[in-house]
1. Every residue in segment 110-133 that is open to solvent by 60 Å² or more (accessible area, probe 1.4 Å) and under 15 Å from ASP87 (Cα atoms), please.
2. Out of ARG121, ARG216, I need the residue that is farther than 15 Å from PHE272 by Cβ and not in a strand (DSSP E or B). Which one?
3. Within segment 139-161, track down each residue that is open to solvent by less than 30 Å² (accessible area, probe 1.4 Å) and within 19 Å of PHE186 (Cβ to Cβ).
4. Answer yes or no as to whether GLY97 is out of contact with any Phe, Trp or Tyr (no Cβ under 7 Å at 6 or more places or on another chain), surrounded by 15 or more Cβ atoms within 10 Å (Cβ to Cβ) and modelled with pLDDT under 70.
5. Go through segment 186-212 residue by residue and tally those that are of a type in the set (S, T, N, Q), open to solvent by 10 Å² or more (accessible area, probe 1.4 Å) and not in a loop (DSSP other than H, G, I, E, B).
6. List pairs: first in segment 1-14 and in contact (Cβ under 8 Å) with a residue 40 or more places away in the chain, second assigned to a helix (DSSP H, G or I) and open to solvent by 80 Å² or more (accessible area, probe 1.4 Å), Cβ under 6 Å, 6+ apart or cross-chain?
7. If you take the residues of segment 294-344 that are modelled with pLDDT under 85 and crowded, with 16+ Cβ neighbours inside 10 Å, which of them is nearest to the chain's Cα centre (by Cα)?
8. Only one residue in GLY136, GLY164 is surrounded by fewer than 21 Cβ atoms within 10 Å (Cβ to Cβ) and either modelled with pLDDT under 85 or part of a strand (DSSP E or B) (or both), so which one is that?
Amino acid sequence: MRFSDPLLLLLLPLAVLPLLRAAAASIRYPWLALVPADRLSSALGWLLRVAAATAIAATAIGLSGPYLPGASVERVGRGAEIAVLLDRSLSMDEPLGSARQAQYFVFAQAAPQSKQSVARRFLSQFVGRRGSDLIGLIVFSTFPIPVLPFTARQPLIQAAIHAGATYHGLADTDIGAALLAAAHMFEHQPYTGSRVVMLVSDGGAVLDTPTRVKIRTTFADERIALDWIYLRSYTSPGISQAGSSPSAGAAGAGGAGGAATEGNPELALHHFFQTLLTPYHLYQAESPEALRDAIADVGRAQTLPIRYSERQPRLPLAPRAFAVAFIAAAVLLIASLLEVRRWP
């Protein structure tokens, strides 16, 4: 136990004052020897004197600011280290769904939900069910913005997920810089379990060759898997799981693969992800229900044992000391109210 202001402990000797002598008798007798001995009254008198000493001592200790210093606690569970990459570009404010669903909302005169609001809601539910995971969060549009380092503290994670939901995103999307920023979160981290980057985005970005090489190399060096939860827009052609081969997609714009993916950057991005040297999974979500199922599937896949150290903050003990002082002072107040001040 440590103290913020240890000099205030010099007030502790004042707690001895109530124990030095008994209180003066409030009832006058010609000779006190005539009063019979009352052991109960004597015990109550000493109890009140101890309560007064306790109140003084507890107050002095509380003023000195006692606390227990923080420490690292090792925890073991089943989960993963998950770096969540949440797209916050302007296109994420568009409704989620296909062209058929868009017509349904028009005819029903209903307000469709934006992709970012649906993603945040289901991410919040996903995190709430996984108490053993280490979750980190990065939002990105033109630049990646680190929001939360790896932690298992649910209040911090939930607050980070819902932060930024009130402003509009920017027009540009740099998925390459965001993926590299997520991979750098795992640097200098001991490898204790499964590592995953969960990309929640609607795509729409083109990666140049140097960026592709850096992503492929960094993900392989850090042994990071990639799960892409692709949020399809109304106007997007989507990603076909039965598309062209990864080699064709990575061939470049000059070959057959470039012709197949021309005008569909999401498909080109999907083909590049298939060339990664680490596991990659695509989840295409066209509705809130599909997004919920995709996030749930990611949760079922990441259940390997994980060991991590969690830094516990220091624990202040001053409120407990003041609580003891309050209880002791309350005992003295009650005894004072019950005291017979005048002999009938």
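The values are calculated or read from the model by the stated rules, or taken from the named source; none is laboratory data. Computed from a predicted model, the values in this text were never measured in an experiment. In this analysis, Cβ positions are derived from the backbone assuming ideal geometry, glycine residues included, and neighbour counts consider all displayed protein chains. Heavy atoms of the whole protein, side chains included, go into the accessibility calculation; ligands, DNA and RNA do not. Shrake-Rupley method; radii C 1.70, N 1.55, O 1.52, S 1.80 Å.
1. Answer for segment 110-133, where residues must be open to solvent by 60 Å² or more (accessible area, probe 1.4 Å) and under 15 Å from ASP87 (Cα atoms): just ARG121.
2. It is ARG121.
3. Within segment 139-161, VAL139, PHE140, LEU148, THR151, ALA152, ILE157, ALA160 meet the criteria.
4. The answer is no for GLY97.
5. 2
6. What qualifies is LEU8/LEU63.
7. Only one residue tops the list, namely TYR308.
8. Only one candidate passes the filter, namely GLY164.
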